[in-house]
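The values are calculated or read from the model by the stated rules, or taken from the named source; none is laboratory data. These figures come from a predicted structure and were not determined experimentally. So basically every Cβ, Gly included, is an ideal-geometry build from the backbone, and we count neighbours across all protein chains shown. Only protein heavy atoms, including side chains, enter the accessible area calculation; ligands, DNA and RNA are left aside. Shrake-Rupley method; radii C 1.70, N 1.55, O 1.52, S 1.80 Å.
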Amino acid sequence: MRVLFSAAPLTGRSSALLPLARAFAARGDRIAFLSPCLPGPAVQELGFTHLHSGPAGDLFQGPGAAASRLEAHGERSLHLAQDWRPDLVVNEPYDFTGVFVAQALRRPLATVANGPAAPADYVSALTGSVTNWFARHRLAPPGTVPAGQWMINTRPEALGAWPVPSGVTALTLRAPRREGDGLPPPTGRRPRVVVALGAHFGDRSTMHRVLNGLTTGRHPEIVVRSSSLAATSPLSKYVTRATFRPSSDRISQVGAALVHGGGETVLNLLSQGIPLAVLPLGPGQFVEAVLTQRAGCGIAVLVPPGQLRHLDTLKLRAVMAEVMGNPWYRANAERVQQEMAAMQTAPDVAGTIARTLDPGPRIRPARIRMTPPTGTEKIDQTRVSRRSLGVSTPS
């Protein structure tokens with residue numbers, strides 16, 4: 001089977017499709033990514049085909065972005081897809097190029113919902129912006145998101161899963177556990193806090209002030225990702241630099257985590273039952289912070305944009321103490337952990353879709369060759385027909 005993945009020109013959108021792409025590839029299927037920008041390093045390393053639909057230009061966002069991308073790349077995307085001849089198209093919710101290609105080629109479409117559900121008015125604005133494009137090509141405009149046959153949610157209900165439209169098959173996709181660097185052994189009896197504030201934390205001096213403030217008094221040992229720190233910065237003896245991945249399957253002995261609200265980081269740590277304090281640094285991360293707090297899995301530490309240097313470290317320390325000391329947050333995090341553990345793996349999802357599209361070879365009935373009896377096996381047709389009529393046969 002040939003599976004075409006289509007995503008908006010942002011690395012995060014393409015990377016969210018990778019677990020399912022790997023699963024289809026493991027089945028022996030052919031994989032291609034359709035995008036106006038270069039795919040991420042993981043796509044290139046895996047050797048998947050890249051169908052380059054044109055220059056990325058501005059990475060425009062907002063409800064009008066879908067229509068702009070169709071105008072810029074829609075026709076070329078369709079020509080590339082026609083030449084590649086996919087059997088299945090997989091997209092993400094904000095990508096309407098995949099919807100267009102699937103409709104034009106009359107191919108089934110699956111949508112991987114890789115983030116919290118968008119508000120209903122935003123979805124209406126998205127679908128309304130592409131109505132003219134689909135009408136010009138004599139195709140049915142998508143009335144909602146997703147517009148295909150399958151909706152694959154990557155997050156549990158408690159964390160804002162996308163609603164499944166009527167007539168669409170609902171599937172779930174669990175974040176894969178990855179082999180990678182775990183945490184170093186504990187240095188003492190202090191409880192541990194994992195800090196993962198991303199590789200692009202805006203103010204390193206604020207980061208160091210936060211970390212040193214968290215370790216005063218009887219507060220915990222801090223394990224912080226090295227990518228968030230300057231190598232020469234002075235830190236408390238209770239702060240340990242480490243190279244680890246929040247998605248590693250070797251994160252353990254952790255009381256809580258302080259994170260920036262990246263969707264993948266939040267999901268991976270909650271999948272291990274770790275309660276969170278979320279300090280968002282970008283627009284989408286504020287949504288993750290609010291959803292985490294609403295689910296009872298942690299506390300959102302909301303600071304106005306550009307005001308991070310004024311962060312009250314005493315308040316943050318109190319938040320961390322509450323998240324670690326109140327068992328209610330741990331219980332809710334473990335509840336979400338159980339919900340995520342019940343979600344399907346990428347191989348399960350790929351297998352379900354593949355079986356729907358190709359249920360397997362039809363079993364033809366065996367052809368039985370009838371040979372006429374000979375010799376003593378020859379049937380007396382007169383005797384048989386008289387018996388079938390209920391007439392006795394003379395001896």
Do we have any residue at all in the range 323-342 that's more than 28 Å from the chain's Cα centre (by Cα) and at pLDDT below 90?
-> yes
Within the range 159-181, can you find the residues that are surrounded by fewer than 16 Cβ atoms within 10 Å (Cβ to Cβ) and modelled with pLDDT under 85?
-> Arg177, Arg178, Glu179, Gly180, Asp181
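If I filter the range 86-106 for residues that are open to solvent by 30 Å² or more (accessible area, probe 1.4 Å) and over 25 Å from Phe24 (Cα atoms), do I get at least one hit?
no
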Can you name the condition, by its number, that Glu75 falls short on among (1) at pLDDT below 90; (2) more than 21 Å from the chain's Cα centre (by Cα); (3) farther than 23 Å from Gly284 by Cβ?
-> (1)
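Just to be sure before I move on: is Gly296 more than 20 Å from Leu214 (Cα to Cα), more than 21 Å from the chain's Cα centre (by Cα) and modelled with pLDDT of 80 or more in the structure I sent?
On the way: more than 20 Å from Leu214 (Cα to Cα): yes; more than 21 Å from the chain's Cα centre (by Cα): yes; modelled with pLDDT of 80 or more: yes.
When the stated conditions are applied, Gly296 passes them.
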Does Val266 satisfy the condition of being outside any strand (DSSP E or B), among the aliphatic types (A, V, I, L, M), modelled with pLDDT of 60 or more and touching a Cys at 6+ places or on another chain (Cβ under 9 Å)?
-> yes
Which is closer than 19 Å to Val259 by Cα and modelled with pLDDT of 85 or more, of Arg155, Arg136?
-> Arg155
Output the number of the condition that Ser14 fails; it satisfies all remaining conditions of (1) touching a strand residue (DSSP E or B) at 6+ places or on another chain (Cβ under 7 Å); (2) part of a loop (DSSP other than H, G, I, E, B); (3) modelled with pLDDT under 85.
-> (2)
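Being small (Gly, Ala, Ser) and modelled with pLDDT under 85 narrows it down to one residue among Ser271, Ser233; which is it? Before you say what the answer is, go through the steps one by one.
Details: Ser271 fails: modelled with pLDDT under 85.
After applying the criteria, what remains is Ser233.
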